[in-house]
Amino acid sequence: MYSQIMIINSGEHKESAVKAYNDFSYASKIMHTPITAPEFYESCKDYPILFIKDGASNWSASAVIGYQEDQNLFVDEKGSWEKGRYIPAAIRRYPFIFVANEEKELMLGVDSNALSDAAEDKERKLFDGEKPSEFTTKVLEFMNQFQADATATANFIKQLEEWELLEEKTMQVTTPKGEKFSINGFYIVNEEKLQHLSKKKKQEICDNNAYPLITAHLISLSNVQRLSLH
């Protein structure tokens, strides 16, 4: 979604504002998007929720919204998100994103394409003098909550790994025309292993309030084949 990310600062962006985005055209070519644990309960009604492990062994959850590259099945040609479907926070945060600096501190970044100095965008001005504007303050509140939720989600998935419940899986999507597509590089909870856990591990899952999230994830897997109906 992002073309060129710039770190926001009062020196360079003192007079800058952000354009209004009235549709989701910017997200029309992504086939999956990060989601956080609090979003599982809404997301599981609409999208498969799968787990991803990156090269640094960091975990995240992802809502699958397409089965081919550059495909978002839930955004139409006008940029409208399909009515009644949950819109993940990672999509709604655009054009903002956190970027880690050399000290690993998180800095607020923005897609340079979103910057504006037009009069009609002044209500979304980034700064009032040297201080963040009310608009930017609200953005930071949203971003900080998203980051906290993302960290909690990573910890939850790491627990699933420690409980030896995860397995790498290739998900198959078959279209009504008989075309077959594979969704690779994801992990899911192995239901058989979940059923045969020791009493100690089952108690750990209960103590960590993990069963509702696991259930939402497992329910979501029924949405894999439904992707082909779009």
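Mind counting the residues in segment 102-116 that are farther than 15 Å from Thr151 by Cβ and free of Cβ contacts under 8 Å to residues at least 12 places away in the same chain? Can you show your working first?
So the first thing to find is which residues in segment 102-116 are farther than 15 Å from Thr151 by Cβ, and the list is 102-103, 107-116.
When the remaining residues are screened for being free of Cβ contacts under 8 Å to residues at least 12 places away in the same chain, the result is 102-103.
Matching residues across segment 102-116 total 2.
Considering each of Tyr21, Tyr26, Tyr67, Tyr2 in turn, give the residue that is under 27 Å from Pro212 (Cα atoms) and more than 11 Å from the chain's Cα centre (by Cα). Outline the logic, then answer.
On the way: Tyr21 fails: under 27 Å from Pro212 (Cα atoms); Tyr26 fails: under 27 Å from Pro212 (Cα atoms); Tyr2 fails: under 27 Å from Pro212 (Cα atoms).
Checking each option against the conditions leaves just Tyr67.
Please specify each residue of segment 201-230 satisfying the condition of being of a type in the set (Val, Ile, Thr) and surrounded by 16 or more Cβ atoms within 10 Å (Cβ to Cβ). Before the answer, list the steps.
In the first step, residues of segment 201-230 are kept if they are of a type in the set (Val, Ile, Thr); the result is 205, 214-215, 219, 224.
Answer for segment 201-230, where residues must be of a type in the set (Val, Ile, Thr) and surrounded by 16 or more Cβ atoms within 10 Å (Cβ to Cβ): Ile205, Ile214, Val224.
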| request: Output the residue which, of all residues in segment 11-58 that are in a strand (DSSP E or B), of a type outside the set (S, T, N, Q) and in contact with a helix residue (DSSP H, G or I) (Cβ under 6 Å, 6 or more places away or on another chain), is surrounded by the fewest Cβ atoms within 10 Å (Cβ to Cβ). | output: Pro34
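Condition test on Asp111, is it out of contact with any Asp or Glu (no Cβ under 7 Å at 6 or more places or on another chain) and among the charged types (D, E, K, R)? Don't jump to the end; show me each part of the working.
Values: out of contact with any Asp or Glu (no Cβ under 7 Å at 6 or more places or on another chain): yes; among the charged types (D, E, K, R): yes.
Yes; evaluated as a whole, the condition is true for this residue.
Looking only at segment 177-230, how many residues end up being assigned to a loop (DSSP other than H, G, I, E, B), touching a strand residue (DSSP E or B) at 6+ places or on another chain (Cβ under 8 Å) and without any contact (Cβ under 8 Å) to a residue 24 or more places away in the chain? Before the answer, list the steps.
Here is the first cut: in segment 177-230, the residues assigned to a loop (DSSP other than H, G, I, E, B) are 177-179, 190, 196-198, 208-210, 221-222, 230.
Next cut, touching a strand residue (DSSP E or B) at 6+ places or on another chain (Cβ under 8 Å) only: 190, 221.
Next, from what is left, pick out any that are without any contact (Cβ under 8 Å) to a residue 24 or more places away in the chain: none.
Selection size over segment 177-230: 0.
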| Within the group Ala63, Ala100, Ala56, Ala27, which residue is in contact with a strand residue (DSSP E or B) (Cβ under 7 Å, 6 or more places away or on another chain) and modelled with pLDDT under 95? | Ala100
| field | Matching residues, segment 59-69, being crowded, with 19+ Cβ neighbours inside 10 Å and in a loop (DSSP other than H, G, I, E, B) | value | Ile65, Gly66, Tyr67
| request: Residue by residue through segment 70-81, note down the ones that are surrounded by fewer than 22 Cβ atoms within 10 Å (Cβ to Cβ) and either without any contact (Cβ under 8 Å) to a residue 40 or more places away in the chain or part of a strand (DSSP E or B) (or both). | output: Asp76, Glu77, Trp81
| said: Among the residues of segment 181-200, what is the count of those that are surrounded by 11 or more Cβ atoms within 10 Å (Cβ to Cβ) and over 21 Å from the mean Cα position of the chain (by Cα)? | reply: 6
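The values are calculated or read from the model by the stated rules, or taken from the named source; none is laboratory data. Predicted model, so just to flag it, every value in this text is computed and none were measured. No Cβ is skipped: glycine too gets one built from the backbone with ideal geometry, and neighbour counts run over all protein chains shown.
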